[in-house]
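Data first, discussion second: the structure below is written as structure tokens.
The values are calculated or read from the model by the stated rules, or taken from the named source; none is laboratory data. Being a predicted model, the structure only gives us computed values, none of them experimental. A quick note on method: Cβ atoms are made from the backbone with ideal geometry, for glycine too, and the neighbour counts reach across all protein chains shown. Ligands, DNA and RNA are stripped out before the accessible areas are found, and what is left, the full protein with its side chains, is counted by its heavy atoms. Shrake-Rupley method; radii C 1.70, N 1.55, O 1.52, S 1.80 Å.
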Amino acid sequence: MTDPGVREAADLLRQARRAVVFTGAGMSAESGVPTFRDALTGLWQRFDAQALATPEAFHDDPALVWGWYEWRRTAVARALPNAGHVAVAAIEARVPHTVVVTQNVDDLHERAGSVDPLHLHGSLFAPRCSACARPAPVSDPVVDEPADGRRVAPPSCGHCSAPIRPGVVWFGEALPGETLETAVEAAASCDVLLTVGTSGLVYPAAEIPQVAARFGAAVIQVNPQRTPLDAVAAVNLRGRAAEVLPALVRAAWETGRA
Ligand code: OAD
């Protein structure tokens, strides 16, 4: 028996002409990827994220900050996309003009088959020069990364020799303008926005579901907890991404199955 909320959400998705899937850290939680705040263990446990994920922290101690991101990148490389990521890719394959917009810096959407997701907060897999901004090669994840992490001196830019930095958005930095603009345009023109695993607290990213609702889209939320997005959601599915999203895809396109 399909939950009535799932059935309603499935009907909205099946009839959608343009969809946006907006995801946050909860999307990757069941893949065992440490969320932004969980990642402050071991060497970094005495730090607050706001103190580590900043240009100033990188300038003052590049090896500490680069080591943290390399530790997170290794954790992501060891993780696998979960059934929720696979369901998002299935939605993209069935709803024309689906755009995936993620706040996550992991590559699990890509590894599950999503095509070109928009990374509003950058990616662990897009390092660049801290001075000339040239993209830098992504080295193989460190195999013997210690559980408590370690300081790792960042590589130098092959062009100007400045330190390479992680390709993520730090506190106090602007989001990539073109990516944000594309995401807002997609939200303003979709008829369904599925928001998954985000607390909806961090702006400007959290504006995306609000824009969709303002332009008349039906917002479907998947989250075990209440969030500010409850106020704009047409359907609230209280549950985990890896459980609810596959049920949503089954209800929408595999008729006759719960
Ligand atoms: P948060 O850690 O703020 O919120 C994660 C959300 O996922 C919460 O609402 C949880 O209830 C929910 N959640 C947990 N497990 C889940 C599961 N299995 N399935 C579905 N939902 C689940 O993460 P974000 O909202 O992504 O920014 O945070 C946004 C930004 O805040 C991050 O991108 C980062 C941080 O500052 C930057 O790094 C710039």
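Close amide H partners of Arg165, meaning residues 5 or more places away or on another chain with modelled amide H under 5 Å apart, are Arg128, Cys129, Ser130.
Only Cα sites of region 181-258 enter the Debye sum here, all with the same form factor; the resulting log10 I(q)/I(0) across q = 0.13, 0.24 1/Å is -0.40, -1.11, listed in q order.
Please compute the contact order of region 151-210 in relative form: average sequence separation of alpha-carbon pairs under 8 Å and at least six residues apart, divided by the residue count, as a percent.
On the way: 20 pairs, mean separation 12.3, N = 60.
Over region 151-210, the number comes to 20 percent.
With a ≥ b ≥ c taken as the square roots of the eigenvalues of the C-alpha gyration tensor of region 95-223, please select rounded if a/c is under 1.5 and otherwise prolate if a/b is larger than b/c or oblate if it is not? In terms of gyration-tensor shape, prolate.
Remark: region 86-94, residue by residue, has Karplus-estimated 3J(HN,Hα) of 5, 5, 4, 5, 5, 5, 4, 6, 10 Hz, where x stands for each Gly or Pro and the curve is 6.51 cos²θ - 1.76 cosθ + 1.60 at θ = phi - 60°. For region 147-211, the gyration tensor built on C-alpha atoms gives a prolate shape. Its axis ratio a/c (a ≥ b ≥ c) is at least 1.5, and a/b is the larger of a/b and b/c.
What is the Rg over Rh value, at two decimals, for the chain, using alpha-carbon atoms and the Kirkwood definition of Rh? Display every interim value, and only then the final one.
Details: Rg = 18.9 Å, Rh = 19.0 Å.
Rg/Rh: 0.99.
The value for region 1-125 of Rg(Cα) / (2.2 N^0.38 Å) is 1.25.
Per the Debye formula with a single identical scatterer at each Cα and no solvent contribution, what log10 I(q)/I(0) holds for region 1-70 at q = 0.21 Å⁻¹? For region 1-70, the Cα-only Debye profile gives -0.94. Computed with a 1.4 Å probe over protein heavy atoms only, the accessible area of Arg7 comes to about 110 Å². Protection proxy ranking of 168-181, 238-251, by the mean of other Cβ atoms within 10 Å over each peptide's residues and highest first, is 238-251, 168-181.
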